[in-house]
Amino acid sequence: MVLVREHIKVVLKSGKDQSVRRFHPWIFSGAIKKVYGRPAEGDLVSVFDNKDELLATGHYQGGSIAVRILAFGEGGLPEDFYEIRLREAWELRRKLGLADNEETDVFRWVCAEGDGLPGLIIDYYGGTVVLQAHSLGMHRNIELIRNAILKIAGDRIDTVYNKSEGSLPLVSGIENRSEFLLGNLNERCVKEHSYRFKVNWVEGQKTGFFIDQRENRSLVSRWAKSRKVLNLFGYTGGFSVYALGGGASEVHTVDSSVRAVELANENVALNFQDDRRHKALAADAFRFLDETAESYDLIILDPPAFAKHQNVLGNALQGYKRLNQKALGKILPGGILFTFSCSQAVSKENFRKSLFVAAANAGRRVRILYQLSQPADHPVSIFHPEGEYLKGLVLEVQ
Ligand code: SAH
């Protein structure tokens, strides 16, 4: 049996089949010639070229991305579709050494398009699974997804939390609350490279922790020895913990959220008790850089996405330029800047250009030491470059 029941047919305009044949997982509304039948939001539909060749099966949604493709080629979806895909994704994490790791029990189990499941994020936190549906199709299939999670990892998890509140477009009219699908635990202590972190998926941002910075945090610890470090936009204090672990002489964490500052302090205490080298401050990062009299050997800039959409790209690039220019002014000669952008709309090239302008305006000589991205549990389909959202540069500043 297949999951496609009524055969709702989406036919593409001539020439618009090319990107589907190259495994790009999105069909934009402008590529559609005709829709046969009346698909409801989140329905499974079959996608045909204009010569009636079946190309793909996917979730339909009114909006700019009209179909999110789940399977290419003929044949619809098997009944155990989610179980198959989740197992494949788990297998990759096992190969990566993440699924059974003594030192790290936090990883991204499913990374949307990168794992052939557009609209779905699943994170694993040492016995808790947190999932997020970003499309109506995934939202409607939560029960199937939950069952697949339990089938694959049921023996090692006690909590499944659906954190999808606010992740669907308002126009959908669907009220999606966050809720427990198994157990009722709000938080737990997890390990990343043997450092301990308290993660609260109910109150925390995103699914509770920024797993995508794992490898970049390690690199910070390698550069931190005897350095005075500033961690701006610190949130859980992830980078701060690694900097302290790497032997930093001092670490200052700044975040505009009072709760984040408390959390950073708690996580530092979990790993280093009352370490006098660490201070955390609730402040706006821009204002902090304007007002502080301190200079630093190493600064980390990991702001929230400045551009959520392509149409605000110009403002976002201006924001990155301004922020980085200010930070460069606070770096001692020979110091290091770790700077990131997690905006999907900002390309690697554009981000680098904004750093070029920031460095030129700051009048500093700057060399690129590393170009960073997201770790392997956030894989990117080569046909879907949009999936590569995290960009980072490590700069040496004279
Ligand atoms: N570096 C973190 C993730 C940062 S998320 C990590 O590794 O986990 C972005 C953080 O920036 C959030 O905690 C948010 O509260 C904070 N933030 C947003 N705007 C800010 C501003 N103008 N000044 C300081 N912090 C800000």
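Residues in region 48-83 that are among the hydroxyl-bearing types (Ser, Thr, Tyr) and either assigned to a strand (DSSP E or B) or in contact with a strand residue (DSSP E or B) (Cβ under 7 Å, 6 or more places away or on another chain) (or both): Thr57, Tyr60, Ser64.
From the list Glu79, Glu103, exactly one residue is open to solvent by 70 Å² or more (accessible area, probe 1.4 Å), closer than 21 Å to Asp377 by Cβ and touching a residue at least 40 places away in the same chain (Cβ under 8 Å). Which is it? From the options Glu79, Glu103, the qualifying one is Glu103. Could you tell me which residue of region 314-350 is surrounded by the most Cβ atoms within 10 Å (Cβ to Cβ), considering only residues that are part of a helix (DSSP H, G or I) and more than 16 Å from the ligand (Cβ to nearest atom)? Among residues in region 314-350 that are part of a helix (DSSP H, G or I) and more than 16 Å from the ligand (Cβ to nearest atom), the one surrounded by the most Cβ atoms within 10 Å (Cβ to Cβ) is Leu328. Checked against the criterion of being modelled with pLDDT of 95 or more, of a type outside the set (S, T, N, Q) and within 16 Å of the ligand (Cβ to nearest atom), region 362-375 has at least one qualifying residue.
Applying a threshold of 9 Å to beta carbon distances and a minimum spacing of six or more residues, or different chains, the list of pairs starting in region 288-304 at a residue that is outside the structural domain of Leu230 (by TED's automatic domain parsing) and touching a residue at least 24 places away in the same chain (Cβ under 8 Å) and ending at one that is within 10 Å of the ligand (Cβ to nearest atom) and assigned to a helix (DSSP H, G or I) is empty.
Among the candidates Gly58, Gly62, Gly30, the residue that is out of contact with any Cys (no Cβ under 6 Å at 6 or more places or on another chain) and farther than 18 Å from Ala133 by Cα is uniquely Gly30.
Among the residues of region 269-293, those that are more than 10 Å from the ligand (Cβ to nearest atom) and farther than 28 Å from Glu215 by Cβ comprise Asp274, Arg276, Asp290, Glu291, Thr292, Ala293.
Pairs meeting the criteria (first residue in region 225-238 and among the aliphatic types (A, V, I, L, M), second residue away from the ligand (no atom under 13 Å from the Cβ) and open to solvent by 10 Å² or more (accessible area, probe 1.4 Å), beta carbons under 6 Å, at least 6 apart or on different chains) are lacking.
Rundown of residues vs (1) β-branched (Val, Ile, Thr); (2) farther than 24 Å from Pro39 by Cβ, yes/no style:
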| site | (1), (2) |
| --- | --- |
| Gly116 | no, no |
| Leu120 | no, no |
| Val129 | yes, yes |
| Gly137 | no, no |
| Ile142 | yes, no |
| Arg156 | no, yes |
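The values are calculated or read from the model by the stated rules, or taken from the named source; none is laboratory data. Because the structure is predicted, anything quoted here is derived from the model rather than measured. Backbone-built Cβ (ideal geometry, glycine too); neighbour counts: all protein chains shown. Side chains included, ligands, DNA and RNA excluded: accessible areas come from the protein's heavy atoms. Shrake-Rupley method; radii C 1.70, N 1.55, O 1.52, S 1.80 Å.
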